[in-house]
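J.: Here it is, the structure, as structure tokens.
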Amino acid sequence: MKEELIERIVENVLQGRRDKDDEGIEEDYAGEPGVAELVQEALDNGIDTNTILLEGLSKGMEQVGQKYETGEYFIPDMLTAAEAVEAGMKIMEPHLAGEGESEGKGKVIMATVEKDLHDIGKNLVSIMLKGSGFNVVDLGIDVPAARIVEAAEEEKAELIGLSALLNTTMVNMEDVVRELENKGLRDKIKVIIGGAPTSDDFAAEIGADGYGKDAFAAIRVAEKLLSGGNK
Ligand code: B12
């Protein structure tokens, strides 16, 4: 039952079906439940939110990536699938916000760096951080370094989380670290990074404080960094 529902979520992300009114990319499934209805059904059946997010929505998107890489899917298909994931996340969000014990773990600014439009992974990290008790301000996509640092200062954030999915944009993460240094804020604000092309080594190279491979790792790294007296 549980596995079957999760499998259907993956399949509907692959088909880019937000809801029952959508057709599928490869076949016409109109009328059958889409991602939004299936996520709701999973929640109603007590399937935990992490399973829905990582084994359902995120796994579906990974498979979309593979299809793109093999030339089976094209950019419009990726976009349609991204919209389906987004529809599922909307249903999930109210269920995650109340899960953390409080919002007392610290304030985090999240952003996808300049010239990068990928936001599914970042949104997932934002939602999961919120769910585990962080106070998250999400600045969206294509955000210049100066704007990120400005917001961190205004919001008195203790942590900045940066996302990049392109080899050509991951370098923009370093600008955020440099901008913090220039403004004399580097000691006060930690920086963590993530996204497929990034790594622990890259984090060390640009002087960031941590790297997270997925949304679970993001929580672990954030908790570790902010437990050092910043609470
Ligand atoms: C969906 C998608 C798109 C969508 C994005 C829609 C959206 N709203 O996000 C659209 C169609 C817009 C798109 C466009 C492009 N894309 Co694209 N896209 C993808 C795809 C298929 C999936 C990405 C995704 O959502 N993954 C699912 C999420 C859940 O995973 P994730 O992002 O990795 O996030 C997880 C972790 O990385 C981590 N994480 C992420 N952020 C953070 C942040 C922190 C702080 C931490 C701790 C952790 C963390 O946690 C997340 C959750 O577990 C990937 C393929 C792939 N294999 O990744 C290509 C991919 C990233 N795209 C690629 C390319 C080339 C492009 C385009 C240049 C294509 C083009 N010619 O126009 C454009 C660039 C647009 C731009 N300027 O940004 C390449 C990048 C190659 C590279 N390494 O440079 C990829 C790898 C596809 C490929 N194999 O060629 N894309």
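J.: Spelling out what I want: for every residue of the range 180-185, take phi, set θ = phi - 60°, compute 6.51 cos²θ - 1.76 cosθ + 1.60 (Karplus), and round to whole Hz; glycine and proline get x.
T.: 4, 4, 4, 8, x, 9
J.: Between 0 and 90 degrees, rounded to the nearest ten: what's the tilt of helix 120-131 against the longest Cα principal axis of the chain?
T.: That works out to roughly 70 degrees.
J.: Right, here's the next one. Do you know the relative contact order of the chain, to the nearest whole percent, from alpha carbon pairs under 8 angstrom that are 6+ apart?
T.: Working: 412 pairs, mean separation 35.3, N = 231.
So the answer I get is 15 percent.
J.: May I ask you to give the solvent-accessible area per residue for the chain, in square angstrom, as obtained with a 1.4 angstrom probe?
T.: Numbers: 11190 Å² over 231 residues.
That works out to 48 Å² for each residue.
J.: How far, in degrees from 0 to 90, does helix 59-69 lean away from the longest principal axis of the Cα atoms of the chain, to the nearest 10?
T.: The angle comes out near 90 degrees.
J.: Quick check: Cα centre of the range 121-152 to Cα centre of the range 185-231, how many Å?
T.: 13 Å
J.: Let's see if you can work this out: charge +1 on each Lys and Arg Cβ, -1 on each Asp and Glu Cβ, no other charges. What is the dipole magnitude of the chain about its Cα centre, in debye to the nearest 20?
T.: Details: 24 positive and 48 negative charges, 237 e Å.
Dipole magnitude for the chain comes out near 1140 debye.
J.: Can you send over the carbon and sulfur percentage of the accessible area for the range 2-97, probe radius 1.4 Å, protein chains only? Don't skip to the end; give the middle numbers.
T.: Numbers: 2340 of 4870 Å².
Exposed carbon and sulfur together represent 48 percent of the surface.
J.: Sticking with this structure for a sec: Cα axis of helix 75-97 to longest principal axis of the chain: angle in degrees, 0 to 90, nearest 10?
T.: 70 degrees
J.: Using 0.36 nm per residue of separation minus the Cα-Cα distance, give me the extension gain between Glu26 and Glu83 in nm, one decimal. Display every interim value, and only then the final one.
T.: Numbers: separation 57, 0.36 × 57 = 20.52 nm, distance 1.61 nm.
Extending this stretch completely gives an extra 18.9 nm.
J.: For the chain, would you read off the P(r) tail past 29 Å as a percentage of all alpha carbon pairs? Mind showing how you got there, number by number?
T.: On the way: 7767 of 26565 pairs.
Considering the chain, 29 percent of its Cα-Cα pairs are separated by more than 29 Å.
J.: What ³J(HN,Hα) values, in whole Hz, does the Karplus curve 6.51 cos²θ - 1.76 cosθ + 1.60 give for the range 186-197 when θ = phi - 60°, with x put for Gly and Pro?
T.: Computed from phi, the couplings for the range 186-197 are 4, 6, 8, 10, 7, 10, 10, 10, x, x, 3, x Hz.
J.: R0 = 25 Å: FRET efficiency of Val137 with Met1, Cβ-based, nearest 0.05? Mind showing how you got there, number by number?
T.: Numbers: r = 38 Å, r/R0 = 1.52.
Taking R0 as 25 Å, the efficiency between Val137 and Met1 is 0.10.
J.: Using DSSP to call loops (not H, G, I, E or B), can you name the GluC sites (Glu not before Pro) in the range 90-189 whose Cβ has at most 12 other Cβ atoms within 10 angstrom?
T.: Numbers: sites: Glu99, Glu101, Glu103, Glu114, Glu150, Glu153, Glu154, Glu155, Glu158, Glu174, Glu179, Glu181; in loops: Glu99, Glu101, Glu103, Glu114, Glu155, Glu158.
Listed in order of number, the matching sites are Glu101.
J.: Quick check for you: which residues of the range 1-44 have the amide N under 19 Å from the point 7 Å beyond the Cα of Phe74 toward its beta carbon?
T.: Only 14-17, 23-28 fall inside the zone, counting backbone N under 19 Å.
J.: Out of Leu96, Leu14, Ala30, whose Cα points farthest toward the positive end of the dipole of the range 1-126 (charges: +1 Lys, Arg; -1 Asp, Glu; placed on Cβ)?
T.: Checking the options against the dipole of the range 1-126, the answer is Leu96.
J.: How much length would be gained if the chain were fully extended between Asn167 and Asp48, taking 0.36 nm per residue of separation minus their Cα-Cα distance, in nm to one decimal?
T.: Values: separation 119, 0.36 × 119 = 42.84 nm, distance 3.37 nm.
Gain on extension, Asn167 to Asp48, equals 39.5 nm.
J.: Of all GluC sites (Glu not before Pro) in the range 7-94, which ones are in loop regions per DSSP and have a Cβ with at most 13 other Cβ atoms within 10 Å? Don't jump to the answer; show the numbers that get you there.
T.: Working: sites: Glu7, Glu11, Glu23, Glu26, Glu27, Glu37, Glu41, Glu55, Glu62, Glu69, Glu72, Glu83, Glu86; in loops: Glu23, Glu26, Glu27, Glu72.
Here the GluC sites (Glu not before Pro) that fit, given the DSSP loop and packing criteria, are Glu26, Glu27, Glu72.
J.: Would you work out what percent of the accessible area of the range 134-220, with all protein chains in place, is carbon or sulfur (probe 1.4 Å)?
T.: Values: 1880 of 4060 Å².
Roughly 46 percent of what the probe reaches on the range 134-220 is carbon or sulfur.
J.: Can you list the residues, at least 5 places off or on another chain, whose amide H is less than 5 Å from the amide H of Met110, using H built in the peptide plane?
T.: Amide H to amide H, under 5 Å and 5 or more residues apart or across chains, Met110 pairs with Val137, Asp138, Leu139, Gly161.
The values are calculated or read from the model by the stated rules, or taken from the named source; none is laboratory data. Everything numeric here is computed off the predicted structure, so don't read it as measured data. Ideal geometry is used to build each Cβ from the backbone, glycine not excepted, and the neighbour counts take in all protein chains shown. Protein only, heavy atoms only, side chains kept; ligands, DNA and RNA dropped before computing areas. Shrake-Rupley method; radii C 1.70, N 1.55, O 1.52, S 1.80 Å.
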